[in-house]
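Below: the structure, in structure tokens.
Every number in this text was worked out from the coordinates using simple rules, so none of it is lab data. This one's a predicted model, so the numbers in the text were calculated from it and none came from an experiment. Because the Cβ atoms are built from the backbone with ideal geometry, glycine has one as well, and the counts that use them run over all protein chains shown.
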Amino acid sequence: MKTMKAIIYKGPGEFAYEDRPVPEITDPNEVKLKSYGCAVCGTDVNIFATPQRHPSKPGIIFGHEFCGEVTEVGSNVTDLKPGDKIVIDPHGPCGYCANCLAGLPEACENVPARGVFDDGGLTEYIVIPKQFCYKVAPETKPELMGVAEPLAGCGCALEKLNVHVGDTACVLGAGPIGLMFIALLKANGCRKIIVSEPIEYRRNLALQIGATRAVNPDTEDLVAIVKEETDGLGADCAVEAVASMMADCVYLVRPHGKILQFGHDELSRPEFPVAELLKNEIEVYGGYLGKYYMRKVAKIIESGILPLDQIVTHVIPATRYQEALDLAASRQCGKIFVAIDF
Ligand SMILES: [Zn+2]
Ligand SMILES: [Zn+2]
């Protein structure tokens, strides 16, 4: 049996390099890919954090934000061919459960959580159903393809806020997710994008990507600054990309303003100012997976309309994976792409 190297999740705080059988196509609708690699997600950082802030399953091939190149296709696959560059929906829905049939694929009851609870992309080869594969142009850089999954989640969630040209926005947190929202808000025509971020490296990156003001919440009064920047009204919308600052958002938006909770931490239980929420009739949305947005994301990535090359700040080989996790945990980075070098 042919084997390949893989990064295996072993338990809280632990991974190992192990050999696994090379997967083969067993269904005519499947596609076999050579993995280019996988971006590091905040969820990955939470999985390896102590205490652990997101669960995972020991023994799986780790990494969910992966992409690759087609090496082989099943007999029913006519629209993909060897050599095609592919971004992947790792949470591809089953299509037949009650939630899928209700048009809520992100709530699919049978969704495989590739790279978190099922085998993912930090390995050499992957076999995946064709409907979760989205082709990008041949010249697209692999490290930019790695942002497809989180960018789909962000883009899909942002549509709920119904942003218009000339709007004002506040983004809490300028980690990779916050940076993607800044880029999307800018592309949507926001005239002010005020970002709150304690790490100087990330404030600078936020300004490069399109934030109009970067606030250090440890030393500056964010609410006062947002009021000053918005004629005393508050921002039209706020995006929470930290996981613990939902309450702050209530004070940052105008009456009837919109808040999007996107920061994800399974242990976070923020207290909430109920009175301000209801008196200002604030609308609160949650956002998570990219739903039907993957097709659009493939086009966004290949088109170059977002400054993704500035959001992806590091490419680290998979043989130095610990370095990638440590850098992500240090927060002195934007998005990190882990490139397969085995
Ligand atoms: Zn992710
Ligand atoms: Zn389903």
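Quick notes on this structure:
- Hey, D19 of a type in the set (D, E), within 16 Å of ligand 1 (Cβ to nearest atom) and on the phi < 0 side of the Ramachandran plot or not: no
- When region 33-45 is filtered for residues that are crowded, with 20+ Cβ neighbours inside 10 Å and more than 13 Å from the chain's Cα centre (by Cα), the ones remaining, listed by number, are L33, S35, Y36, G37.
- Residue in region 73-83 that is within 16 Å of ligand 1 (Cβ to nearest atom), in contact (Cβ under 8 Å) with a residue 24 or more places away in the chain and not basic (K, R) present: no
- Options G121, G74, G83: the member that is more than 16 Å from ligand 2 (Cβ to nearest atom) and either of a type in the set (K, R) or under 24 Å from D19 (Cβ atoms) (or both): G121
- Subset of region 81-121 [part of a loop (DSSP other than H, G, I, E, B), of a type outside the set (D, E) and crowded, with 22+ Cβ neighbours inside 10 Å]: P90, H91, P93, G115, V116, G120, G121
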